[in-house]
Amino acid sequence: MAIMQKKRRNDDDNGNIFWVTMSDLMLGLAIIFITLFVLAMTGFNQKSVQQQRVKMEVAKKIENELQSNNINAKIDKLTGDLEIPSSTLFEVNSYILKPEGKKFLDRLTPIYVNTIFSNKKLVDNIDSIIIQGHTDSQAFAGLTNINDQFTYNMDLSTKRANAVADYMLRGKYKPEFNEGFRHMITVEGRSFNDLILDENGNEDMAKSRRVEIKLKVADWSIATFFGLKH
């Protein structure tokens with residue numbers, strides 16, 4: 001009997017040790033996960049704040065340069081996104097740059113490219129420089145279907161964006177920035193997807209027709225924080 005009781009106690013002890021060990025392991029893993037999560041979130045927030053601060057600094061520099069050179073282009077002070085009215089660059093229903101449009105880009109391009117690529121902190125955080133073409137929703141003669149109107153404007157807006165990108169790449173900015181600019185630049189046509197409305201909620205056709213130059217910040221995630229993604 002004594003032997004049986006001793007064996008039962010040994011079995012109970014072994015079972016308790018197993019569950020204690022598993023509990024300690026799960027608790028340890030939970031602590032590690034929480035610690036890593038907090039570190040990742042803290043790092044993410046700091047990185048996001050840093051990126052936003054750098055973009056705002058560059059936006060301010062570009063704005064100052066544009067103003068001092070009397071260049072009429074709207075820039076978002078938070079994002080650094082630049083907006084150019086299509087009337088400055090193109091005739092109606094055309095994607096061929098006007099002589100005035102070329103002169104405008106001749107003045108804009110060196111300021112924009114040199115300001116951005118002179119700031120290494122910003123360049124390290126940029127994934128791409130997107131040149132977007134936008135149109136209004138005005139119907140063209142002979143195109144009665146809304147989808148036909150959309151695709152026609154998509155083609156026009158893409159060609160306009162490409163015309164701006166092509167001319168900017170030929171601009172007189174610092175030669176050492178050419179490879180970086182060429183690597184980051186991309187074009188998009190948005191057709192009339194992103195219309196600008198007036199205060200009454202109606203489409204402002206003149207403002208809707210535009211070209212935007214946007215800075216896209218590199219994707220930054222927890223995986224990037226831990227070196228699992230570059």
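The values are calculated or read from the model by the stated rules, or taken from the named source; none is laboratory data. All values derive from a computational prediction rather than experimental measurement. Cβ coordinates were reconstructed from backbone atoms using ideal geometry, including for glycine residues, and neighbour counts include every protein chain displayed.
Any idea how many residues of the range 134-151 are surrounded by fewer than 18 Cβ atoms within 10 Å (Cβ to Cβ) and either within 21 Å of ILE196 (Cβ to Cβ) or touching a residue at least 24 places away in the same chain (Cβ under 8 Å) (or both)?
The total comes to 7.
Mind telling me which of the residues LEU108, LEU156 ends up being out of contact with any helix residue (DSSP H, G or I) (no Cβ under 6 Å at 6 or more places or on another chain), over 14 Å from ILE213 (Cβ atoms), aliphatic (A, V, I, L, M) and not in a loop (DSSP other than H, G, I, E, B)?
From the options LEU108, LEU156, the qualifying one is LEU156.
Kindly indicate the residue of the range 184-204 that is polar (S, T, N, Q) and either outside the structural domain of ILE111 (by TED's automatic domain parsing) or farther than 16 Å from LEU215 by Cβ (or both) and also surrounded by the fewest Cβ atoms within 10 Å (Cβ to Cβ) among those meeting that condition.
In this case the residue turns out to be ASN200.
When you go through (1) in a helix (DSSP H, G or I); (2) without any contact (Cβ under 8 Å) to a residue 24 or more places away in the chain one by one for THR115, which number turns out not to apply?
Failing condition for THR115: (2).
Kindly indicate whether any position in the range 166-183 is out of contact with any helix residue (DSSP H, G or I) (no Cβ under 7 Å at 6 or more places or on another chain), in a loop (DSSP other than H, G, I, E, B) and assigned by TED's automatic domain parsing to the domain that holds ASP76. Walk me through it before giving the result.
Within the range 166-183, the first condition is being out of contact with any helix residue (DSSP H, G or I) (no Cβ under 7 Å at 6 or more places or on another chain), and the residues that meet it are 166, 170, 175-176, 178-179, 183.
Narrowing further to those that are in a loop (DSSP other than H, G, I, E, B): 170.
From what's left, assigned by TED's automatic domain parsing to the domain that holds ASP76: 170.
Scanning the range 166-183 turns up at least one residue that is out of contact with any helix residue (DSSP H, G or I) (no Cβ under 7 Å at 6 or more places or on another chain), in a loop (DSSP other than H, G, I, E, B) and assigned by TED's automatic domain parsing to the domain that holds ASP76.
Before we move on, is SER157 touching a Gly at 6+ places or on another chain (Cβ under 6 Å) and in the same structural domain as LYS98 (by TED's automatic domain parsing)?
yes
Residues of the range 60-73 being in contact with a strand residue (DSSP E or B) (Cβ under 6 Å, 6 or more places away or on another chain) and free of Cβ contacts under 8 Å to residues at least 24 places away in the same chain, which ones?
GLU63
Counting only residues that are among the small types (Gly, Ala, Ser) and within 13 Å of THR109 (Cα to Cα), how many does the range 60-79 have?
To start, the set of residues in the range 60-79 that are among the small types (Gly, Ala, Ser) comprises 68, 73.
Those left that are additionally within 13 Å of THR109 (Cα to Cα): 73.
Final tally of qualifying residues: 1.
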